[in-house]
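Let me begin by presenting the structure, written as structure tokens, before commenting on it.
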Amino acid sequence: MSSKKIFLLFVLITILSLVAAQCASAPAPTAAPKAEPTKEEAKKEEPKKEEVKEEPKKEEAKKEPKKEEPKAGEKVTVDTVIGTEPRSFDPSKATENTSIYFIRQMFLALTAFDEKANVIPSLATEWKASADGLKWTFKMRSDIHWVHRTADGKYEDLGAVKAQDVVYGVRRTLDPATASEYAFVLYLLQGAEEFNTAGAPAATEAVTNTAVATPTVDIKQLAENVGVKAIDDTTVEFTLKQPAGYFPNIAALWIASPMPQKAIEQYGEQWTEAGNIVTNGPYTLKEWQHQAAVYIEKNPLWVDAAKVQIDVFGGPINQEASTAMAMYEKNDIDVMADPGWGVPLADLDRVKGDATLSKELTIKPRLCNYYYGFINTKPPFDNPKLRKAFSAAIDRKSLIKNVTKGEQRPAHSFAPPGIFGTVADNKEIGAYMVMENYADQVKEAQKLITEAGYPDGAGLNVKLMHNTSEDHAKIAQAIQAMWQEAFPKAKLTIENQEFKVFLDTLLPGAPDENKPDIYRMGWCADYPDSNNWLNDVFNSKSVQNYSKFLNPEFDKLVEQAAFESDPAKRLKLYEQAEKIMMDDNAAIAPIYYYTYVDMFKPWIKAVRSPMTGDPIDQWTIDIAAKKAARGK
């Protein structure tokens with residue numbers, strides 16, 4: 001080693017010693033060091049200590065890229081764009097992918113999913129069901145703490161997450177005052193529906209726009225009747241109305257996660273703003289400039305903070321995929337993926353043909369469905385024959401080949417391949433959407449529209465709406481052209497709205513007269529079971545039921561399937577439900593089953609999740625390669 005290097009090493013050691021002395025009074029993770037969590041973790045840590053002692057030169061070389069960051073006062077950062085303004089970082093209120101993506105970085109639920117969609121421990125270390133399947137008991141870790149990042153960037157340890165925080169979170173989601181749009185998912189808990197629908201508005205009222213007389217109720221007592229209780233600080237017990245073997249999947253949802261009661265009561269609606277928010281995950285909120293940017297920062301008090309390389313993740317909010325692509329190609333951002341944009345449709349052929357960009361492209365199946373919904377209660381689309389005609393007139397194969405180009409699969413059902421209960425491989429259901437010859441589909445569509453009373457589309461003035469996006473616009477224009485050719489006398493217009501406004505427009509309780517006739521929507525798996533698709537979205541009680549598809553027979557089937565213990569019987573029930581929805585009612589027009597069409601710079605090693613919210617704490621980055629690419 002040269003004298004210059006020795007001198008620099010001496011200086012570096014001196015500086016680090018001073019920094020360590022200054023930080024001695026800073027709060028430390030309460031749980032560190034962990035009390036020998038597992039033998040496996042102990043084995044992982046041992047070689048690192050050994051390496052430092054025996055091979056200092058190699059260790060220095062390995063750590064060199066990371067050591068560059070503190071010298072310049074920088075953070076190890078993954079730069080991206082955010083595709084749309086998040087609706088809420090409140091676990092009780094979030095419903096759309098962007099919000100959920102960030103929530104899953106900041107809040108731990110009892111369980112989680114691995115890369116193969118298997119349920120794995122998270123806040124809970126183990127769980128078991130009672131013999132009758134009605135009670136589920138979860139044992140929790142004691143080393144996960146609530147953390148507050150102050151407005152000036154300091155971190156406060158607020159103590160361990162307890163079972164009582166889970167009870168509070170579940171009850172808060174169900175509290176009618178919270179107005180959670182996703183509370184319906186927890187109705188499998190004893191007393192949950194009674195609590196959530198107490199007072200006004202009840203879920204059914206919101207969907208049907210009808211007044212429902214509600215007697216005076218004791219809200220506090222209803223809350224206490226919900227089937228969730230803390231046995232002790234690290235044990236929480238759930239009681240179900242009927243057995244549901246998939247309940248550990250529900251325990252992975254943000255709506256059932258522990259929530260910080262003190263912060264929520266202190267800050268009210270502002271509790272999720274940067275400087276106020278209290279979290280318990282590997283990241284917390286650094287910055288949220290509404291309509292402008294979102295950044296999350298590594299929680300230094302996280303029990304496994306030493307294993308997390310990425311310090312900061314985020315970027316500007318940008319609704320244009322083309323702008324994001326230009327930033328990617330200039331190395332201004334590192335990824336083209338959630339929570340931003342995948343590869344724009346207009347660039348996909350070029351990317352596939354480029355020697356460098358093609359190596360950074362990833363295309364693989366995704367548990368999502370891209371569909372057009374009809375407002376089933378709004379004339380003229382309260383007529384199932386008209387809905388079926390418009391669905392049949394979509395050439396899904398041509399759309400994928402010539403517009404989306406991402407190896408998607410034409411859809412004829414709601415639940416996609418990979419979901420328990422899917423009928424994606426049963427072409428007898430929704431056959432009118434995926435005929436071998438598109439000309440036959442058009443003939444069927446024209447026959448149906450004539451039977452509906454609108455030959456060639458005469459007399460129809462149809463409005464299609466999508467949320468603002470260049471790619472959604474391209475798809476809408478392509479489908480508009482298909483409809484115009486099939487129904488030449490129809491008047492067809494396209495409108496778009498910013499995503500938050502768009503969702504508010506579509507809420508079941510919003511006035512039908514302010515809604516489009518047809519709307520663009522997508523649904524991605526929260527857990528890999530058809531209950532999450534058919535029951536959670538299109539049950540008449542669901543506030544996610546933007547189509548206002550109200551069918552008692554369908555409701556009965558999906559509710560029965562939710563609690564059926566025999567897997568074969570569940571499959572049969574979901575098959576019947578899909579048939580009612582697609583063949584008998586054409587409630588929606590499924591278009592294609594998604595694929596990931598993403599790009600990652602070669603210096604990013606990403607761990608992906610089949611559900612919304614990749615585990616950023618498991619990502620790694622070659623920061624030296626990133627700097628070199630940026631000319632730094």
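The values are calculated or read from the model by the stated rules, or taken from the named source; none is laboratory data. All of these numbers come straight from a predicted model, not from anything done at the bench. Positions of Cβ are backbone-derived with ideal geometry, glycine not excepted, and every protein chain shown enters the neighbour counts. Accessible surface is based on the protein model in full, side chains and every heavy atom, while ligands, DNA and RNA are left aside. Shrake-Rupley method; radii C 1.70, N 1.55, O 1.52, S 1.80 Å.
Spherically averaged projected area of the convex hull of Cα atoms, the chain: 30.5 nm². Between the C-alpha center of segment 521-538 and that of segment 398-446 there is a gap of 18 Å.
Which entries of Lys364/Lys474; Lys330/Lys359; Lys139/Lys162 show an alpha-carbon separation above 18 angstrom in the structure shown?
Working: Lys364/Lys474 22 Å; Lys330/Lys359 16 Å; Lys139/Lys162 11 Å.
Distance filter (> 18 Å) returns Lys364/Lys474.
What separates the Cα centres of segment 81-109 and segment 111-160 is a distance of 17 Å. Using the Karplus relation 6.51 cos²θ - 1.76 cosθ + 1.60 with θ = phi - 60°, the per-residue 3J(HN,Hα) values for segment 235-241 come to 9, 10, 10, 10, 10, 9, 5 Hz, with x marking Gly and Pro. Karplus-derived 3J(HN,Hα) values for segment 480-492, using 6.51 cos²θ - 1.76 cosθ + 1.60 with θ = phi - 60°, are 4, 5, 5, 5, 5, 6, 6, 10, x, 9, 7, 9, 10 Hz; glycine and proline are entered as x. Across segment 515-525, computed HN-Hα scalar couplings (Karplus, 6.51 cos²θ - 1.76 cosθ + 1.60, θ = phi - 60°) run 9, x, 6, 9, 9, 8, 8, x, 9, 10, 5 Hz from first to last residue, x flagging Gly and Pro.
Taking amide H as placed 1.01 Å from N in the peptide plane, the amide H of Asp517 sits under 5 Å from that of Lys463, each at least 5 places away or on another chain. A simple spin-label model places the labels of Gln480 and Ala628 4.8 nm from each other, with each point 7 Å out along Cα-to-Cβ.
At an R0 of 45 angstrom, the distance between the Cβ atoms of Ser142 and Asn426 translates into a FRET efficiency of 0.40.
Between the helical axis of 552-563 and the dominant principal axis of the chain, each derived from Cα atoms, what acute angle in degrees is found, rounded to the nearest 10? Helix 552-563 sits at roughly 30 degrees to that axis. Solvent-free Debye calculation, one equal scatterer per alpha-carbon of segment 572-632: log10 I(q)/I(0) at 0.13, 0.15, 0.18, 0.30 Å⁻¹ equals -0.61, -0.69, -0.80, -1.20.
Working from Cα positions, state the angle (0 to 90°, nearest 10) between the long axis of helix 97-106 and the longest principal axis of the chain. The angle comes out near 30 degrees.
Taken along the Cα-to-beta-carbon direction at a fixed 7 Å, the label points for Lys229 and Glu451 span 5.6 nm.
Compared with the dominant principal axis of the Cα atoms in the chain, helix 438-451 is inclined by about 60°. Sticking with the crude label model, points 7 Å out along Cα→Cβ, report the distance from Val501 to Gln560 in nm, one decimal please. In this crude label model, Val501 to Gln560 measures out at 4.5 nm. Measuring nothing but protein heavy atoms, the accessible surface of segment 411-556 at 1.4 Å probe radius is 49 percent carbon and sulfur.
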